[in-house]
Structures are given as C-alpha cells and as structure tokens.
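This report concerns only the one structure given below.
The numbers here are math on the coordinates, done by the rules we state, and not lab data. The shown structure was predicted, so the numbers you read here are calculated from the model rather than taken from an experiment. Note that each Cβ is placed from the backbone with ideal geometry, even for glycine, and that neighbours are counted across all protein chains shown.
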Amino acid sequence: MTPLPRICGRERLRLESAACFFFRKGSAVRQFLTLNDLPRQDLHAIVQRAMALKAQPELAIGQRRKTLGLIFEKASTRTRIAFETAMAQMDGASLFIATGDSQLGRGEPIEDTARVVSRMVDCVAIRTFDHERLERFAAFSRVPVINALSNDFHPCQLLADIQTFQQHRGSIAGSTVAWIGDGNNVCQSYINAAAAFDFELRISCPQGFEPRSDLLANNNRVTLGRKPAEAVRDARLVVTDVWASMGQETESTDRNRAFAGFQVNGELMEKAAPDALFMHCLPAHRGEEVSAELLDREDAVIWDEAENRMHTQKALLEYLLAV
Ligand code: CP
Ligand code: NVA
C-alpha cells in the first residue's frame with residue numbers, strides 16, 4: 001500500500017485555515033456534554049467533516065503539542081481507542097487516567113481535579129456515572145470537556161451513528177428512526193439528535209424503562225409506545241442497546257424478564273422499511289437485545305458505526321480545539 005503523503009509547510013497551513021473557517025472560531029470554552037451544547041449547524045459540520053476525514057485522513061488538522069486527558073470511571077473499548085487513535089493520528093497526545101489509579105479514586109473532589117487537570121491538558125473527555133459529575137467538572141475546567149458517556153447521555157455515539165446513516169443512505173433528515181429497548185443514555189441522546197438532525201424518533205420500551213420525562217415533554221419529534229412492531233413500521237433505521245447498562249449489572253435478571261419481546265431480530269426488521277439499517281453502539285449481547293443472526297447481516301452496519309467513532313471524534317476534537 002502506498003503511504004499517505006505527509007502534509008506540512010504551506011499546504012498544512014492552507015488546510016488548517018480552511019478547517020478553521022469551517023469550524024467557526026470562538027473565544028468561550030466549548031463543552032460537549034450533550035448534543036444540545038453545540039449549535040445545530042456545527043453538529044452538521046462535524047459530521048460532514050468526519051465524512052471528509054474518513055475519505056482523506058491526511059486532512060486532519062495536526063494537534064501538535066495538544067494533549068487530551070481521558071478520565072474514565074467505567075470500562076470502554078471503542079471510545080477510548082477512538083480518542084487515543086484520533087489524537088495519535090493528529091500528532092497530539094492522550095493521557096488515560098483510570099479513576100482507581102488517580103486521587104479521584106481516593107476522594108479528591110471533582111472540582112479540584114478539574115482545576116488541576118485543565119491547567120495541563122488542552123481537552124478532557126470523561127466517562128462517568130452521574131451526569132452531574134461531568135457538569136461539575138466542566139464548571140471548573142479551563143478547557144473543553146467532552147462527555148465520553150454518562151448515565152444520561154452518550155453524544156459522541158450519536159455523531160458516529162448519524163455519519164453511518166449518511167454514509168449508507170444519505171441525509172437522515174425526514175426519516176423515521178425506531179429505538180427498541182431501554183430508554184437509556186444512548187436513547188436519550190437519540191432524542192436530542194432527532195431535533196438536531198431532523199428525524200422522527202419512535203421509542204418502544206417496556207413500562208418503567210422510559211427515557212426521562214422532561215426530554216419527552218412538548219417534543220413533537222418523539223413518540224413513545226410499547227409495541228416494537230408498530231415502532232419499526234416504515235423506519236429506515238432500527239436501533240437498540242443492551243438491556244442493562246454499565247452500573248446496572250445487578251438488575252440483569254429482572255431486566256431480561258422485563259425486556260422479553262423487545263429483541264431486534266430478522267423478523268422485526270422485516271416490518272421496517274425495505275432499506276432499513278440496523279445499528280447498535282456495542283458491546284452487544286447476542287440472544288438478548290439483538291439476535292446473533294442479525295449482527296452478521298449486511299443491513300447491520302455496526303462495524304462501520306464503530307469505526308466512525310474515530311472519524312467523528314477527530315472532527316469533534318478539531319472543532320473544540322480550533323481556538
Ligand atoms: N459504544 C461505546 O461507547 O463503546 P465502548 O463502551 O467500548 O467505548
Ligand atoms: N448503554 C450502554 C452503552 C455502552 C456503550 C451503557 O451505558 O453501558
């Protein structure tokens with residue numbers, strides 16, 4: 001394979017100026033705790049930029065001497081690797097800080113950690129439990145803070161999902177999306193995405209597992225029902241996620257019982273639009289929220305979805321660090 005040419009000197013400057021124009025500069029520190037933190041047009045620009053970076057990775061703006069801190073209080077494969085690889089490919093550095101190995105694990109307040117860490121690194125991505133912990137960190141941070149998943153939201157996942165739909169089917173605007181299963185963090189980011197990217201979202205979940213009611217109130221893009229077969233009718237995208245998220249492992253048995261009948265499988269996909277795609281943020285539990293056979297089909301675009309985490313996170317980092 002021919003190696004990609006290194007871009008430097010005047011050509012790099014030209015590309016950097018073009019990208020800075022693309023991502024409007026601003027003086028305030030920009031946070032990405034939920035999709036609602038960024039203007040709609042900027043979210044669209046990030047996805048477009050991710051498409052360009054996927055096609056031509058060499059276009060990424062160098063982040064030389066820029067450092068990303070990754071504070072993770074929960075496990076991760078995709079998110080961590082996508083961020084670390086993104087920074088490495090953009091000539092920056094990343095620093096993984098597992099809570100147990102840092103003073104956070106011994107009770108140092110999150111506000112003090114934010115003050116210290118943000119004097120040293122250029123950006124911080126945090127994966128944690130209570131969303132409020134992220135907000136408290138962001139309130140004391142001098143640098144952009146990215147939500148790498150909280151109990152309430154997973155906005156980075158949505159950037160990748162939107163890119164994946166666009167890659168296979170074009171714009172998602174005007175389409176119907178069916179969310180089958182738990183009204184969890186990923187589902188709640190789908191609610192925000194419905195407004196930002198202009199699609200209709202139908203959520204089908206068992207009673208007691210709905211998303212936050214404040215996210216549904218006066219929301220004419222989202223409907224809630226109990227029957228997966230009704231939710232997927234005419235849907236061009238069907239999405240699900242695990243029935244027990246990180247931190248809910250002890251509820252697994254009860255949840256498996258409550259979610260019986262909410263599995264996404266070939267039979268359910270038959271009821272969706274003929275060109276429907278299936279997505280899952282992964283990791284997947286085969287035989288629970290999704291059948292094993294579905295994951296191996298071509299309409300299950302889960303591997304592209306996982307890869308696109310890296311492209312969208314690169315575009316997001318370019319955007320947040322373009323000051
Ligand atoms: N989808 C996702 O966030 O995966 P990880 O938990 O592996 O990061
Ligand atoms: N809802 C899942 C997503 C994992 C990427 C969880 O929070 O564990």
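Expressed in Å, the radius of gyration and Dmax of the Cα atoms of the chain are 19.6, 61.
Mind checking the full-extension length gain between Glu249 and Ser171? Use 0.36 nm per residue of separation minus the Cα-Cα distance, one decimal, nm. Intermediate values should be presented prior to the final figure.
Numbers: separation 78, 0.36 × 78 = 28.08 nm, distance 3.62 nm.
Once the chain is fully extended between Glu249 and Ser171, it gains 24.5 nm.
Taking one quarter of the surface of the C-alpha convex hull of region 186-284 gives a mean projected area of 6.6 nm². Each of Glu307, Glu249, Glu108, Glu318 was scored by other Cβ atoms within 10 Å of its Cβ. Arranged with the fewest first, they read Glu249, Glu108, Glu307, Glu318. For region 238-286, applying the loop criterion from DSSP together with a ceiling of 13 other beta carbons within 10 Å to the trypsin sites (Lys or Arg not before Pro) yields no site.
The calculated FRET efficiency for the pair Ala98 and Leu295, based on their C-beta separation and a Förster distance of 25 Å, comes to about 0.25. Listed values for region 168-173 are Karplus-derived 3J(HN,Hα) couplings in whole Hz (6.51 cos²θ - 1.76 cosθ + 1.60, θ = phi - 60°), namely 9, 10, x, 4, 8, 4, and x replaces Gly and Pro.
By how many nm would the segment from His285 to Asp198 grow when fully extended, if each residue of separation counts as 0.36 nm and the alpha-carbon distance is taken off? It would help to have the intermediate numbers written out before the result.
Details: separation 87, 0.36 × 87 = 31.32 nm, distance 2.98 nm.
Additional length available on full extension: 28.3 nm.
Length gained on full extension, Glu108 to Met51, computed as 0.36 nm times the residue gap minus the Cα-Cα distance: 16.5 nm. Close amide-amide hydrogen proximity is noted between His285 and Val290, each under 5 Å apart and 5 or more residues distant or on a separate chain (H modeled in the peptide plane; Pro and chain starts excluded). Per-residue 3J(HN,Hα) values for region 230-247, derived from phi via the Karplus relation 6.51 cos²θ - 1.76 cosθ + 1.60 with θ = phi - 60°, read 6, 5, 7, 4, 6, 6, 9, 9, 10, 10, 9, 7, 4, 7, 10, 7, 4, x Hz in sequence order (x marks Gly and Pro). Take every pair of alpha-carbon atoms less than 8 Å apart whose residues are at least six positions apart; their mean separation over the length of the chain yields a relative contact order of 20 percent. Largest GNM mean-square fluctuation across Arg115, Arg106, Arg233, computed for the chain with C-alpha springs under 10 Å, falls on Arg106. Amide H contacts of Ser94 (H built 1.01 Å from N, in plane; Pro and chain starts excluded): Leu68 sit under 5 Å, all sequence-distant by 5 or more or on other chains. A Förster radius of 51 Å, combined with the Cβ-Cβ distance separating Arg142 from Glu230, puts the computed FRET efficiency at roughly 0.55. For the peptides 54-63, 173-182, the ranking by mean Cβ contacts within 10 Å, running from highest to lowest, is 173-182, 54-63. Using Cβ counts within 10 Å as a stand-in for footprinting exposure, how do Asp130, Asp152 rank, fewest first? With the fewest neighbours first, Asp130, Asp152 line up as Asp130, Asp152. The alpha carbon gyration tensor of region 136-212 gives principal lengths a ≥ b ≥ c with a/c of 1.5 or higher and a/b no greater than b/c, which makes the shape oblate.
Hey, what did region 163-319 get for relative contact order, percent, Cα under 8 Å, at least 6 apart? Mind dumping the intermediate values first?
Details: 261 pairs, mean separation 36.6, N = 157.
Result for region 163-319 is 23 percent.
On a straight-distance basis, which lysines could pair with Lys271 in a cross-link, Cα separation under 27 angstrom, same-chain partners fewer than 8 positions away excluded? Straight-line reach from Lys271, under 27 Å: Lys227.
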